[in-house]
1. When residues of region 32-84 are filtered for being touching a strand residue (DSSP E or B) at 6+ places or on another chain (Cβ under 6 Å) and at positive phi, how many remain?
2. Would you be able to tell me the number of residues in region 108-139 that are surrounded by 14 or more Cβ atoms within 10 Å (Cβ to Cβ) and without any contact (Cβ under 8 Å) to a residue 40 or more places away in the chain?
3. Mind counting the residues in region 378-393 that are buried (at least 23 other Cβ atoms within 10 Å of the Cβ) and modelled with pLDDT of 95 or more?
4. Can residue 20 be described as within 30 Å of residue 328 (Cβ to Cβ) and assigned by TED's automatic domain parsing to the domain that holds residue 131?
5. So, of the residues in region 84-107 that are surrounded by 14 or more Cβ atoms within 10 Å (Cβ to Cβ) and outside any loop (DSSP other than H, G, I, E, B), which turns out to be modelled with the lowest pLDDT?
6. Scan 160, 154, 181 and give me the residue that is in contact (Cβ under 8 Å) with a residue 60 or more places away in the chain and either touching a helix residue (DSSP H, G or I) at 6+ places or on another chain (Cβ under 8 Å) or within 28 Å of residue 458 (Cα to Cα) (or both).
7. Across region 108-117, which residue is nearest to the chain's Cα centre (by Cα) among those that are closer than 22 Å to residue 37 by Cα and not in a loop (DSSP other than H, G, I, E, B)?
8. What's the number of the only condition in (1) under 39 Å from the mean Cα position of the chain (by Cα); (2) closer than 16 Å to residue 182 by Cα; (3) crowded, with 17+ Cβ neighbours inside 10 Å that residue 437 fails to meet?
C-alpha cells in the first residue's frame, strides 16, 4: 500500500492540480515540487479531511469504508463493478472532458479527490490490481464503525422440510469398502486411460449402495469418480502394469476407525488441487488456455460459509447462493476478473463477464452442496435438493475433528445356512476379511455374504487358514456361531 505522498508522486502535474482544485486547496507556489508537498501536507490535515468528508455522498463514504475494512484493498474490477468505472483519461483530455463533473460513480469521485490509489500488489494468488486508500489517510477518515463490521449477515433458516430428507452419513465409505473388496477378490485390469473396464464396472455396480452411482456410474465428477480419486490420492489403490492393486497406505488406513476414515475422505477432497469442482460441475465445460483456477481456494471460501450455518437448522440453497452473490461474489476469482476464463455451457456458449455469475459460480455452489458435501455426509438434503442442513458429522469435519465412533458389538451375525449379515457400520477391515472367504449376495438393506467352498479355497490361496477364519467369526459374532457352521469349518480339510 502507498502513502499519500507516494500516490501523488505517481500522478502527473495536471492530475495533481485537479486533486488540488477538488480538494479546495490553493497552493502558494506554482512549482510542481511545491505543489506536491503542499498537497501531501494539507490533504492530511485532520480538520481538512473532516471538511472534505462532510461533502461526500453516502455511497462514497460506503466505498471508503469497504476499502478500509478489506486490506490491502479491493481488486480493481470488483471495486468498479460496485462503485463505478475508473475511466483511463490521458492528460490531454483531462482538462477538456473534466470527468469529475460527471463521474461514473462514487469511485471516480474519490479518484479525482486523490483519496484512492491504484496499483498491482503481489499476493499468494499472483499480481492483483488493487484499489486502496493511502495508508496514512485511512486513520484520519471519520468512518462509521457500523460500516466497518466485517461479519457477513447470517443466513436465515428455512422451514424444515417434510419427513422426506436424505442424509448419506457413511454410505460413501461403505461403497469404498465394496470397491476395495472387489479389487481384493478380482483381477482388475485398467483401460489405456486408467479407467476401469466396463466388465468390472458391470459386476461392481450392483454391490454399491449409493443409488446415484448406479444411475450414473460413469458420470465425471460423480460419487464413483470421487471414490476412485480419493482411493488413489490416499494411496489405498495403486496401478502396476495396468492392474489395480492395493497401495502401501491401505493397511494403516484400515486400522483407523470409520469416523477417522470418513474424515480422511473429506480432507482429501477439501485439500485436493487435482479435483477441480468448477470443471466437474454439470453443464460447464472448461476449455484449455492460459488461465487456471484454484479449486482449493474456492472450496475453502465456500466451506467457511458452511461453517457459519447453525447445526440443526435447514436453509435454502438459493438463499445461500444469493448471499454469496451479494457479499462474496469473487470467492474463486481473487483478482475480480470475469473475462479471462474460458468456460462454456452445454450449448457451447462462452460464459464470460460478471453477468454469467449465476451460470458459473451459482452452479458451482449448487454442485458442491448437492454433490461432494452431500456424498461425504457433511450436509443433508431434502427430497428436492433445494433445502440443506449441516450434519453433526459435517460440523466435526469443518473443525478438523473426528466424529464420535459408534459402538459395534457384535459386528456380524451368521445363519445356519452359512449366510453372514453384517452390522450397519462394520469396520472396513472386517468387511475385507469377510469378503475374502465368502461370496457377495446383497448390499441392501444390509450386507449379506455366504460362506462357500470356493471362498474358503480363495482364502487358503492367500495364506488364510480355516482356523483363522473360525476364530474371527467366533469373535466377530460375539460367540454366537451356529453349531453346524462351527462343525463344518472345524472338519473342513486344511
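1. Of the residues in that region, 1 qualify.
2. 2
3. 4
4. no
5. Of everything passing the filter in region 84-107, 94 is modelled with the lowest pLDDT.
6. Working: 160 fails: either touching a helix residue (DSSP H, G or I) at 6+ places or on another chain (Cβ under 8 Å) or within 28 Å of residue 458 (Cα to Cα) (or both); 154 fails: either touching a helix residue (DSSP H, G or I) at 6+ places or on another chain (Cβ under 8 Å) or within 28 Å of residue 458 (Cα to Cα) (or both).
Residue meeting the stated conditions: 181.
7. Restricting to residues being closer than 22 Å to residue 37 by Cα and not in a loop (DSSP other than H, G, I, E, B), the top hit is 117.
8. (1)
The values are calculated or read from the model by the stated rules, or taken from the named source; none is laboratory data. Computed from a predicted model, the values in this text were never measured in an experiment. Positions of Cβ are backbone-derived with ideal geometry, glycine not excepted, and every protein chain shown enters the neighbour counts.
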